[in-house]
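These notes are about the structure you will find just below.
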Amino acid sequence: MTWFISPAHAEDAAPAPASADVPPAPTETHTEVGHEAGGKAPFPPFDTQKFPSQILWYVVFFGLLYLLMKRVLVPRLSTIVEGRAQRIAGDLEEAQRLRIESDKALGTYEKALADAKSAAHAIAQASTDEAKAAATKQRADIEASLAAKLEAAEGRIGEIKAKALGDVNAIAEETAAAVVAALSGHQPSPDEVAKAVSAVATK
Amino acid sequence: MANDPIHQFHIQEFFQIGTIGDTEFHFTNSAFAMGATVAIVAGFLYLATAKNSLIPGRLQSVAELAYEFVAGTLRSSTGKEGMRFFPLVFSLFMFILVANFFGMFPYFMTATSQIIITFLLSMTVMLTVVGYGFAKHGFGFLGLFVPSGVPMAVVPLVSAIEVISFLSRPISLSVRLFGNMLAGHITLKVFAGFVASMASLGAIGVGGAILPLVMTVGLTALEFLVAFLQAYIFTVLTCMYLNDALHPGH
């Protein structure tokens, strides 16, 4: 487990000479020097010898990520999210437009309905008036004819009454003649009888 | 060595890729962690946006959630013009988040527990702030250090404080993330080490090992929270600093 500690330590202990004195095999030299010095290795995150590699790879990988984000990933994501937002906004606008349109249609319909209602009302009123007038006229006609008939009937009744009254005199004369004949045994003359009856009737 | 809590932060050099002068460049375990992080982030976002459906599936919902989350954070602190920095901020958030979570897997390196990486992340932010600030406002960007409404007598003092606070930003930004990840992983390792060392003491030890085991489980959950929280804090602070670049005059 010492292989990763030693080089770092070696850098601390003898940085320049190690590489300067023995250029062909730097790694081995570092290790040896490290062991000889026997000090403590630096805390790993503060090991400056490992920094250049990490800087390089950070630049490579973060740069790659940034490029991918800028060129590919963020445009794709924003297309989805903003596209949906636009779509929703558009749909809402369309819905609003349709609502206004339907409101307008409803208004037109209601107006037409009100017109039709008032027209129907007028027609109904007119026909009611007409029917009423016709009925009144008819009733007047019928009443007039009934009155005429009543008058005629009354005339006839008077006639019949007069005739009947005339008949009453004749029946009274006959009855009187019959009664006289039955009582006295002697047939009275019709003139006498008529005179006597009319004398009684006028009393 | 297995119980050494520091062991997990060692940079292991897998193979050398070249030298410039005396400087050796290696492919290391932190490079692997960063590469895997980028691969996971890019692969996930690519697959999640592949279908481009109006009604999102599970993957797409997660990607949209991350997008809306970061976009909302950026928009609320920098306004609409801050959205030009969205690719950078989203890259930072996803990179730190996934790198932090990546470190939660046993045997994997936490790239964000290396101060050089967190320092580079914060320098990425600060260089963007300074570069964009000067490009957009010229020397007006220096108005950042002169708060308005301050009496002329105390302006030098306030400006000095502002300059110091500005210069300490990359340090605080990087040390916060580094310290959180480092401390969390060390604590986790120490408690997990207690379990092993107590269990080796026999029957009483096994009984006693239950407590650190429970602690380890609890700390693991806490570390997942911290992993997200630190990514979020880094993002929020990035947004605030970018706001300075966009609107230097407080």
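Every read-out reported here was derived from the displayed coordinates using simple, explicitly stated rules and does not represent laboratory data. All values derive from a computational prediction rather than experimental measurement. Methodologically, a virtual Cβ is constructed for each residue, glycine included, from the backbone with ideal geometry; neighbour enumeration extends over all protein chains shown.
Points to keep in mind about this one:
- P(r) for segment A:124-203, from all Cα pairs and a bin width of 5 Å, is 3, 12, 12, 11, 8, 8, 6, 6, 5, 5, 5, 5, 4, 4, 3, 2, 1, 0 %, short bins first.
- Calculated over segment A:54-203: convex hull of Cα atoms, volume per residue (Å³): 247 Å³
- Computed about the Cα centre, the dipole magnitude for the protein assembly as shown is approximately 340 debye when only Lys and Arg (+1) and Asp and Glu (-1) carry charge, each at its Cβ.
- Choice from B:Thr37, B:Thr124, B:Thr112 with maximal GNM fluctuation in chain B (Cα, 10 Å cutoff): B:Thr124
- Shielding value for B:21-34 is 5, the average number of Cβ atoms from other chains within 10 Å of each residue's Cβ.
- Cα-based helix-to-principal-axis angle, B:115-137 vs chain B, degrees rounded to 10: 10 degrees
- For chain B, modelled as a GNM whose springs connect Cα atoms under 10 angstrom apart, the maximal fluctuation among B:Ala48, B:Ala203, B:Ala99 occurs at B:Ala203.
- With Cα atoms, 0 to 90° folded angle of helix B:155-199 axis to chain B main axis: 10 degrees
- Projecting the Cα atoms of A:Pro52, A:Ala131, B:Gly149 onto the charge dipole of the protein assembly as shown (Cβ charges, centred on the Cα centre) puts A:Ala131 farthest toward the positive pole.
- Plainly put, the protein assembly as shown has a radius of gyration that is 1.82 times its Kirkwood radius, both from alpha-carbon atoms, as the Rg/Rh ratio.
- Ordering of A:151-164, B:75-88 by packing is B:75-88, A:151-164, highest average first (other Cβ atoms within 10 Å, averaged per residue).
- Since only B:Ile115, B:Asn100, B:Leu59 are under comparison, the one whose Cα sits farthest along the positive direction of the charge dipole of segment B:1-125, derived from C-beta charges on Lys, Arg, Asp and Glu, is B:Leu59.
- Magnitude of the charge dipole, segment A:40-110, Cβ model with Lys/Arg +1 and Asp/Glu -1, debye to 20: 620 debye
- Cα centroid separation, segment B:1-36 to segment A:140-174 (Å): 147 Å
- Calculated FRET efficiency for the pair B:Leu201/B:Phe134, C-beta based, R₀ 41 Å, to 0.05: 0.05
- Shape call, chain B: gyration tensor on alpha carbons, a/c limit 1.5: prolate
- Top positive-direction residue, dipole computed over the protein assembly as shown with Cβ charges, set A:Ser184, A:Tyr109, B:Ile171: A:Ser184
- Surrounding net charge for B:Ile55, when Lys and Arg each add one and Asp and Glu each subtract one, Cβ distance under 13 Å: +3
- For segment B:103-161, the C-alpha radius of gyration sits at 1.79 times the compact-globule guess of 2.2 N^0.38 Å, with N the residue count.
- Angle of helix B:86-102 to the longest C-alpha principal axis of chain B, folded into 0 to 90 degrees and rounded to 10: 10°.
- Part-to-part distance (alpha-carbon centres) for segment B:38-107 and segment B:110-179, which is given in Å: 25 Å
- Value of D in µm² per second that Stokes-Einstein yields for segment B:147-241, Kirkwood Rh from Cα pairs, at 37 °C (0.692 mPa s): 196 µm²/s
- Each Lys or Arg adds one and each Asp or Glu takes one away; over the other residues whose Cβ falls under 12 Å from the Cβ of A:Leu64, this sums to +2.
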